[in-house]
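Engineer: Handing you a structure now.
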Amino acid sequence: MIRYFLVLCFVFTSTLVYSQQDGDVKYSFGVRGYNYTGLPKLMNGNQGRQYISTNFNSYLFKFNDNLYSYRFNGNYNNQSIGYDNNCEGCGSFTGKLKDYAFKTGFEKNFIYGKVQPYIAFDLGYRSDELNGHIAAENVRDLDFSFRKRGFTISPGLGLKISPVKAISIFAEGNLEYFYAWGKETTAATNEGDPVSSHKFKKGEYLFNPISVGVQFHFGTRERM
């Protein structure tokens, strides 16, 4: 699936020959009301990939010109999660996830009209922090801390519908490559054993199937 998604993005990039409808609008502000996104690998818990849903935690701001929209994205998520680790005797994990990212890039419409498919491409920084508790049968309980920070590359495809000139409703999905460095730390709960920790560097692909939101357009560009 990842290979076909990348090929599709490159094909669309090579066929960008149209102006965008909102090229005569100076600025746009958007909010993603719903996100269904993939989490980076956390410990041994989501080797098969874990997805979460969030609401109204992602925003974007765009500068529009006659050809492209240059955009800035930001999101923050703070929620409780839990899952079983994918190894024998590792037990289950419950904890708090803090995830935030800042990205900048562009988007480009393919056609004029009220319905506009578009391509997007963003570069940015992402941070994931997970703190919680591991409990397993016949094994001592552990407190756990996990940090992962790094850079992202995110090509994406989207669709905008503009019922009126000042407002657009959009849906977007993207593939994200996340190269990160981090540290895992564990310590026995209520015991005097030494803390165990190790550092790592690695890359991974994340698939963010869908985000849905609304954009508000401001200002009018002077036409030549």
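Engineer: When you scan the stretch 203-211, do you find a residue that is at pLDDT below 95, buried (at least 19 other Cβ atoms within 10 Å of the Cβ) and either under 23 Å from the mean Cα position of the chain (by Cα) or within 20 Å of Asn64 (Cβ to Cβ) (or both), even just one?
Structural biologist: There is at least one residue in the stretch 203-211 that is at pLDDT below 95, buried (at least 19 other Cβ atoms within 10 Å of the Cβ) and either under 23 Å from the mean Cα position of the chain (by Cα) or within 20 Å of Asn64 (Cβ to Cβ) (or both).
Engineer: Exactly one of these conditions fails for Gly38: (1) at pLDDT below 60; (2) surrounded by 14 or more Cβ atoms within 10 Å (Cβ to Cβ). Give me its number.
Structural biologist: For Gly38, the failing item is (1).
Engineer: Does Asn190 count as at pLDDT below 95, assigned to a loop (DSSP other than H, G, I, E, B) and not charged (D, E, K, R)?
Structural biologist: Values: at pLDDT below 95: yes; assigned to a loop (DSSP other than H, G, I, E, B): yes; not charged (D, E, K, R): yes.
The answer is yes for Asn190.
The values are calculated or read from the model by the stated rules, or taken from the named source; none is laboratory data. Please read these numbers as outputs of a predicted model, since none were measured by experiment. As a convention, Cβ positions derive from the backbone with ideal geometry for all residues, glycine included, and neighbour counts pool all protein chains shown.
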